[in-house]
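*Asks:* My questions will all concern the structure given below.
The values are calculated or read from the model by the stated rules, or taken from the named source; none is laboratory data. As the structure is a prediction and not an experimental result, all values here were calculated from the model. Reconstructed Cβ throughout: ideal geometry from the backbone, glycine too, with neighbour counts over all protein chains shown.
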Amino acid sequence: MTNEQITAMAEWTLEDFQNDPLRAMAQIRELAAAHLALQKERDAAACRESRESGVSGMSMFPSPFVNDPFGAIWVAFKNLYPEKNCACYWTPQKEDLIGPDGSQAYGVTDFDKNTGEVTVLVGAVGLDVNQATEIFAHELAHVAVGEPAPGEPEHGERWEAAFEAIFKEYNRMMSEIFGEDAAVDAPEGEEEQYEHQRDD
């Protein structure tokens, strides 16, 4: 089943649920199965890419959630920046999440100058899903633009444009599949809370 078919099915379900609830429930089950199949295809492709390149941005385990926001953020990122890659991890270790000034951070983007690999760490404790999703997008925006040029702010115009673009693409996909209620506003004015980039 294609993305267009899934989108059409989702639109029918949202519009006609009250008129034909039994058919709508059947459509929802079919939609969930189709979306999960697409997710598995993406994960399988990411695993193949991981074996070929040695760098993986996706989990080795398919998500059980049809509307997984972290998977959706990743797909939005890859739609916009297909040439960019990184390894992404949850970490419960606070010592892994220390900003350049020594303060506690919620996410870290690590550009390894020796290997060229890029690693994204997101804190696994003390955050709700919306906050963690935002932080993941925040870190992926750093991956998208790369390390700041000399004299360039860490959260300058290039980073801000990437962050907003990722959220815009995320909202486009989620709205098309699950309806407008699935979209979220891109956070503003919170960059200082997530000082986090680390260069090794």
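*Asks:* On the given criteria, is Ala144 in a helix (DSSP H, G or I), among the aliphatic types (A, V, I, L, M) and modelled with pLDDT of 85 or more?
*Replies:* Yes: the conditions hold for Ala144.
*Asks:* Starting from residues that are surrounded by fewer than 20 Cβ atoms within 10 Å (Cβ to Cβ) and of a type in the set (Asp, Glu), keep the ones in the range 128-154 and report whichever is nearest to Cys86 (Cα to Cα).
*Replies:* In this case the residue turns out to be Glu147.
*Asks:* I would also like to ask the following. Restricting attention to the range 112-130, report how many residues are over 19 Å from the mean Cα position of the chain (by Cα) and β-branched (Val, Ile, Thr).
*Replies:* Residues that pass the stated criteria total 1.
*Asks:* Looking at the range 134-153, I want the residues that are more than 16 Å from Lys168 (Cβ to Cβ) and have a partner that is surrounded by fewer than 20 Cβ atoms within 10 Å (Cβ to Cβ) and of a type in the set (Asp, Glu) with Cβ atoms under 7 Å, at least 6 apart or on another chain. Which pairs are those?
*Replies:* These pairs meet every condition: Glu147/Asp199; Pro148/Glu154.
*Asks:* Now for a different question. If I go through the range 163-188 residue by residue, how many of them are touching a residue at least 60 places away in the same chain (Cβ under 8 Å) and closer than 19 Å to Asn85 by Cβ?
*Replies:* The number of residues fulfilling the criteria is 4.
*Asks:* Mind listing just one residue for me: the one in the range 147-200 that is in contact with a strand residue (DSSP E or B) (Cβ under 7 Å, 6 or more places away or on another chain) and in a loop (DSSP other than H, G, I, E, B) and, of those, modelled with the highest pLDDT?
*Replies:* Glu147
*Asks:* Looking at the range 119-127, is at least one residue in contact with a Pro (Cβ under 7 Å, 6 or more places away or on another chain), surrounded by fewer than 16 Cβ atoms within 10 Å (Cβ to Cβ) and aliphatic (A, V, I, L, M)?
*Replies:* Among the residues of the range 119-127, at least one is in contact with a Pro (Cβ under 7 Å, 6 or more places away or on another chain), surrounded by fewer than 16 Cβ atoms within 10 Å (Cβ to Cβ) and aliphatic (A, V, I, L, M), which makes the answer yes.
*Asks:* Name the pairs whose Cβ atoms lie under 7 Å apart, with the first residue in the range 74-91 and surrounded by fewer than 16 Cβ atoms within 10 Å (Cβ to Cβ), the second assigned to a loop (DSSP other than H, G, I, E, B) and hydrophobic (A, V, I, L, M, F, W, C), and 6 or more positions between them or separate chains?
*Replies:* Trp90/Ala124; Thr91/Leu97; Thr91/Ala124
*Asks:* Just to verify a result, which residue in the range 66-110, among those that are at pLDDT 85 or above and among the charged types (D, E, K, R), is nearest to Gly126 (Cα to Cα)?
*Replies:* Asp68
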